[in-house]
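Undergrad: Dumping the structure here so I can ask a few things about it.
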Amino acid sequence: MSLDISSSSGSTHPDPVPATAVPGLPEREPTQVDAREGESFAEVALRLGGASADEASRTGVIDSADDQVEDLFAEQYKTVNSPVHRAVWENTVDTDTFVAGAVPHDDDVQAVVNRSLAVVQQARDADRLFDDRGKVSDSVFKQLANAGYWGLLVDKEFGGSGASMRQFAKMITRMSMIDPTVAGLASVHGCIGAVDPVRSFGNEDQKRRFLPGLADGSRLSAFALTEPGAGSDLTALKTTATLDGDHYVVNGEKLFITNATFGRTIGLVCKIDGVPSVLVAELPEQETEQFRINRYQIFALRRAENNGLVFKNFRVPAANRLMPTRGDGLTIAYHGLNLGRVSLCANAAGAMRWMLAEMLPWAAYRSTYGQAIDRRELVRRRIGHLAGLIVAADALTDWCAWLLDEGYRGEMECIVAKIFGSEAQKEAAIELFMKTHGGRSFLQGHLFGDNVHDFLAPCIYEGEGEMLAMAFFKSLVKDHGKRFFEPIGRTLHDLGVRRPNFTNPKHVWALRGPMAKYTAWYSAKCVRSAYWEDDDVLRDCDESMLKHIRFAQRYLSDCGVRISDAMRRYQLKLADRQCRMTALSAQVQDAVTILVTALYASRHSDPLTRQAADAVCRRLRRRITGGLPTDSEFRQVTKLGEQIASTGWSELDGTTAGRILQSY
């Protein structure tokens, strides 16, 4: 996906100022990059930077959908007023927006959570969680339905529990400690499946018709977006729906649709009159001439249904079309993704707990050269480091879920959680868990061997990590680019040049207005010192956490100038500097993770949790600064690993390890 650094794509701009309006400049003939009616400057800018007309146009479509989602939120909760955006572009980094408030207790929600956890724990203990095909069994699905599991995010008036996102995310972490697949299916159903689209965009009739069945589990759901030729490029969708009387006739194919099989409810993304749209479709109970399932063998999600869907003149009632007040089907698709990204991080926090719970008894059992390996420095470092990853994932999950509950869009923040959670789980699985267990990791029945693909696959769920890093960067720079770089770019466009020549008086004169505004912003940003108001939040903060908080605040505040320098250096070519964009994005994300984790741990009573937070924050700081670990840092993380190995850790309560395979 290409990046627009200058404009809110899809908006209609006035015609460019004629060149003759600039004193001393000759009038010129229109060129192939002149803005056409209805075309945004972003598309013109991309072509000026060397992108094709098709790529520029497709980028405009995606940015239009992004803007339409933005319009759904109140002004104070939009991206420009989000914690990360303000921290980078303003001179204040207030800690109160980076730490979640107290979680309100709800006895009804907690009862549903407890019943659901008991269902899955009992099924796992009795070895009946999966059926003969290795899928989550129908009996478990039904018991979870009776427990109220599938209706957690459905409002009470439609038969659900009306849980907050924070309550739901905490449940996901606890369920993942028992079984990550069952936890993930709750997210598929409630966050990116049919529940969120109907709840957020359905009319009253659609809510009454669909939500009760989605709440009681009689209709499990999925979201059918991906196609064989359309993944991150959603403009490549081929599935169409044509109105025929009071029905739409659907033709096309979907691929990699989790939780989709016969008899389920899907949010189907298709094109209606060329516009991306969403139909709520009830899949038949068996194959028909109009519908069939494309089954394939897939390593990840093998315990859940993951299938392709093929439609040939498949009829869906016209009354099932979701009609957002603003935007189109892509608006609906993007809305639920943030919920799914938070759930993914929550799932990773639980799965990593299970890994650590499996590591501890093995490390105590396995002996080399007459000594248990949990006495070895490298293994203790792995234990301590894994604990740090868990705390950071917990912190990001809680913070992002709180932002969503508060009404923020949370686009950038949820991307941070998704990328960190998926990458942390991958590192934990390969570098910490597998290497500690050695060859036994690959035995059938081992947590790693049985789940390795599920541990790795989240790196591409809800957006591949590096693609999302560029999306994060685009969200971060869009407003800045629109205010300062778009006027400069438009002036250059009118001059017929790509880069200004400040020895040319005509260029200097033409750019005097936009350059004056940019210079004023830049000077103020460089001269004014960053400040923060956080006495209440940090009143009882210990020194180890405070140093990380101050580092992150200073770094985030400095990032505005750093990023603006890159925008000025690369100008219209920044869209092609994907490596530079992802690097800048990663540094901001790491600083955000440090700040959120340190604030979270500073309010935590468990000293081991604070030590784990200290360990992961130190590591992230080194990643930003390029420093090397000191002996002191090695001692800190290995001491933490030693303590967890010898006394346990409260964060692992409720997690049970399996038996040691091939014991001796």
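Derivation of every value follows stated rules applied to the coordinates shown; laboratory data play no part. Keep in mind it's a predicted model, so treat the numbers as computed, not measured. All Cβ positions, glycine included, derive from the backbone under ideal geometry; neighbour counts span all protein chains shown.
Undergrad: Given the stretch 543-623 reduced to its alpha-carbon atoms as identical point scatterers, what log10 I(q)/I(0) does the Debye formula return at q = 0.14, 0.23, 0.26 Å⁻¹?
TA: For the stretch 543-623, the Cα-only Debye profile gives -0.52, -0.98, -1.15.
Undergrad: How much of the calculated P(r) for the stretch 221-322 lies past 17 Å, in percent of all Cα pairs? Don't skip to the end; give the middle numbers.
TA: Details: 2453 of 5151 pairs.
For the stretch 221-322, the fraction of Cα-Cα distances above 17 Å is 48 percent.
Undergrad: Out of the DSSP beta bridges found with both residues in the stretch 221-322, what percent are antiparallel (nearest 5)?
TA: 85 percent
Undergrad: Still on this model: Using only alpha carbons, build the gyration tensor for the chain and give me the equivalent ellipsoid semi-axes, biggest first, whole Å.
TA: 42, 35, 21
Undergrad: Treating only the Cβ of Lys, Arg, Asp and Glu as charged (+1, +1, -1, -1), what charge dipole size does the stretch 107-216 show about its Cα centre? Round to the nearest 20 debye.
TA: Values: 14 positive and 14 negative charges, 29 e Å.
Here the size comes out at about 140 debye.
Undergrad: Taking every pair of distinct Cα atoms and averaging 1/r, then inverting, what Kirkwood hydrodynamic radius in Å comes out for the stretch 406-477?
TA: Roughly 13.6 Å, rounded to one decimal.
Undergrad: In whole angstrom, how far apart do the alpha carbon centroids of the stretch 332-398 and the stretch 430-470 sit?
TA: Here the answer is 12 Å between Cα centres.
Undergrad: Quick one: what are the phi-derived ³J(HN,Hα) couplings along the stretch 328-341, Karplus 6.51/-1.76/1.60 with θ = phi - 60°, whole Hz, x for glycine and proline?
TA: 9, x, 5, 4, 5, 4, 5, 4, x, 5, 5, 4, x, 5
Undergrad: Relative contact order of the chain, please, whole-number percent, based on alpha carbon pairs below 8 angstrom and at least 6 residues apart.
TA: Working: 1127 pairs, mean separation 123.4, N = 664.
Value for the chain: 19 percent.
Undergrad: Right, something else. When the C-alpha atoms of the stretch 68-156 are aligned to their principal axes, what extent does each axis show, in angstrom, from largest down?
TA: For the stretch 68-156, the Cα extents along the three principal axes come out at 58, 30, 26 Å.
Undergrad: Ranked by Cβ crowding within 10 angstrom, fewest neighbours first, how are 544, 218 ordered?
TA: So the ranking, lowest neighbour count to highest, is 218, 544.
Undergrad: By per-residue mean of other Cβ atoms within 10 Å, what is the highest-first order of 396-404, 169-177, 342-350?
TA: Numbers: 396-404: 27.6, 169-177: 25.8, 342-350: 31.1.
Taking the mean over residues of other Cβ atoms within 10 Å, the ranking is 342-350, 396-404, 169-177.
Undergrad: Just for the chain, what percent of DSSP beta bridges are antiparallel, to the closest 5?
TA: Antiparallel: roughly 85 percent of the beta bridges in the chain.
Undergrad: If R0 is 35 Å, what FRET efficiency do you get for residue 577 and residue 450 from their C-beta distance, rounded to 0.05?
TA: After rounding, the FRET efficiency stands at 0.30.
Undergrad: Put one equal scatterer on each alpha carbon of the stretch 107-216, apply the Debye formula with no solvent term, and list log10 I(q)/I(0) at q = 0.10 1/Å to two decimals.
TA: Treating every Cα as an identical point scatterer, log10 I(q)/I(0) equals -0.27.
Undergrad: Per q in 0.20, 0.28 1/Å, what log10 I(q)/I(0) does a Debye calculation on the alpha-carbon atoms of the stretch 305-356 return?
TA: Computed log10 I(q)/I(0) values: -0.94, -1.05.
Undergrad: Rank by packing, highest mean first: peptides 420-430, 648-658, with packing defined as the count of other Cβ atoms within 10 Å averaged across residues. List each step's numbers first, then the result.
TA: Details: 420-430: 22.8, 648-658: 15.5.
Top of the packing list down: 420-430, 648-658.
Undergrad: On to the next question. Rank by packing, highest mean first: peptides 309-315, 223-229, with packing defined as the count of other Cβ atoms within 10 Å averaged across residues.
TA: The peptides rank, most packed first, as 223-229, 309-315.
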